[in-house]
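Enquirer: This is the structure I have questions about; it appears just below.
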């Protein structure tokens, strides 16, 4: 008789991660539960499956043999379940960052509902959509520097950088007369320093040494910080059009910089054959074409 599926699942997770604790986190159970399953499995099979190595565990020879089969078997099961879910549901899951969701996707979402009421859209929040575990995700909308986009990428939106801050910040720190002045002011960064480095390069400002300042993943957080006078940020046109119109932030210069970043589409290879995915992909590209890829 086969051991219980839960015991085999616990063993497979521990074998794959090399840690009872990591296996427990993956399966959303306690490390004690994993340990209990493994112990019961070893008693039922009459052999040791793991030997401890500090905080980690290492497979024995018997454990290695069972692990090869278990990993393969659970992988096949997951593939089959995923395929069934995709064919039986009309939900399309999209992974994208929070600012794109709030500023580009949300204002258009009723158009999708009106044209395709049979399709349910699920938006999975992700700060780095291209790197997430994309289980059951059909479409990824990824933010990237224009120079680093994959060849043939389907662009949805091109973004041009502008320096923005609040009026309160400008009152406190005095007038900003030239781009060089910003090197002496508090700068806030999104994900890394490339946004500001690209901006300074476009404005013909040499950056001595390295830039400083806190780095945030969520651009919505940055916009709030700028609106509350915490620092100067790179804002991305056209995503910040409403913030400028509402005077939550103001542009420091009238810079006209060619797009440096953008959003592009990735779809999972296994999802391309789903009609619902194709419908949403076409809708996304149609929306992009209607608005114009750029912000002009």
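Enquirer: I want to verify a result. In a Gaussian network model of the chain, Cα cutoff 10 Å, which of these has the top mean-square fluctuation: 150, 31, 98?
Expert: Judging by the Gaussian network model, the answer is 31.
Enquirer: Suppose only helical runs count, i.e. DSSP H with n ≥ 4. What mean residue ellipticity at 222 nm does that imply for the chain under -39500 (n - 2.57) per run, divided by all residues and rounded to the nearest 500 deg cm²/dmol?
Expert: Details: 10 runs with 118 residues, N = 296.
That comes out to -12500 deg cm²/dmol.
Enquirer: Another question, then. Report the label-to-label distance for residue 204 and residue 109 in nanometres (one decimal), using points 7 Å from each Cα along the Cα→Cβ vector.
Expert: 4.5
Enquirer: May I ask for the distance between the Cα centers of segment 218-248 and segment 11-25, given as a whole number of Å?
Expert: 42
Enquirer: Just check segment 76-218 against the gyration tensor rule for me: Cα atoms, a ≥ b ≥ c as the square roots of the eigenvalues, rounded for a/c under 1.5, and otherwise prolate or oblate depending on whether a/b exceeds b/c.
Expert: Working: a/c = 2.92, a/b = 2.21, b/c = 1.32.
Here segment 76-218 falls in the prolate category.
Enquirer: Can you tell me the relative contact order of segment 167-296? Whole percent, Cα pairs under 8 Å, sequence separation 6 or more.
Expert: Values: 89 pairs, mean separation 31.5, N = 130.
Relative contact order here is 24 percent.
Enquirer: When only C-alpha pairs under 8 Å and at least 6 residues apart count, what is the relative contact order of the chain, in percent? Walk me through the intermediate numbers first.
Expert: Working: 410 pairs, mean separation 60.8, N = 296.
The normalised contact order for the chain reaches 21 percent.
Enquirer: For a label point 7 Å from the Cα of residue 136 along Cα→C-beta, name the residues of segment 16-30 whose backbone N is under 17 Å from it.
Expert: The answer is 26-29, whose backbone nitrogens lie closer than 17 Å to the label point.
Enquirer: Could you tell me the calculated FRET efficiency between residue 6 and residue 90, based on Cβ-Cβ distance and R0 = 30 angstrom, to the nearest 0.05? Numbers along the way, then the final one.
Expert: Details: r = 31 Å, r/R0 = 1.04.
Working from the Cβ atoms, E equals 0.45.
Enquirer: Another question, then. For the chain, what are Rg and Dmax over the alpha carbons, in angstrom?
Expert: Final numbers for Rg and Dmax: 25.1, 79 Å.
Enquirer: Taking every DSSP beta bridge that has both residues in the chain, what percent is antiparallel when rounded to the nearest 5?
Expert: Details: 23 of 34 bridges.
Counting DSSP beta bridges with both partners in the chain, the antiparallel share is about 70 percent.
Enquirer: While we're looking at this one, here's another question. So between residue 184 and residue 55, what do we pick up on full extension, going 0.36 nm a residue minus the alpha carbon distance? It would help to have the intermediate numbers written out before the result.
Expert: Details: separation 129, 0.36 × 129 = 46.44 nm, distance 4.72 nm.
Going from the current span to full extension adds 41.7 nm.
Enquirer: A further question on this structure: On a 0 to 90° scale, report how tilted helix 31-45 is relative to the longest principal axis of the chain, with both axes built from alpha carbons and the result rounded to the nearest 10.
Expert: Approximately 30 degrees, to the nearest 10.
Enquirer: Further question: What is segment 48-118 by shape, rounded, prolate or oblate, if you read a ≥ b ≥ c off the alpha carbon gyration tensor as root eigenvalues and call it rounded for a/c under 1.5, prolate for a/b larger than b/c, and oblate otherwise? It would help to have the intermediate numbers written out before the result.
Expert: Details: a/c = 8.16, a/b = 2.32, b/c = 3.52.
Oblate.
Enquirer: Continuing with the same structure: Comparing 241, 181, 111, which has the greatest mean-square fluctuation in the GNM of the chain with Cα pairs linked when under 10 Å apart?
Expert: In this elastic network of the chain, the residue with the biggest mean-square fluctuation among 241, 181, 111 is 181.
Enquirer: Is the C-alpha gyration tensor of segment 1-109 telling us rounded, prolate or oblate? Criteria: a/c under 1.5 is rounded; beyond that, a/b larger than b/c is prolate, otherwise oblate.
Expert: Working: a/c = 3.26, a/b = 2.05, b/c = 1.59.
Prolate, since a/c reaches 1.5 and a/b exceeds b/c.
Enquirer: Relative to the longest principal Cα axis of the chain, at what angle does helix 275-291 sit, 0 to 90 degrees, rounded to 10?
Expert: The angle comes out near 10 degrees.
We did not get these values from a lab; they are worked out from the coordinates using the rules stated. This structure is a prediction, so every number in the text was calculated from the model and none was measured. Cβ coordinates were reconstructed from backbone atoms using ideal geometry, including for glycine residues, and neighbour counts include every protein chain displayed.
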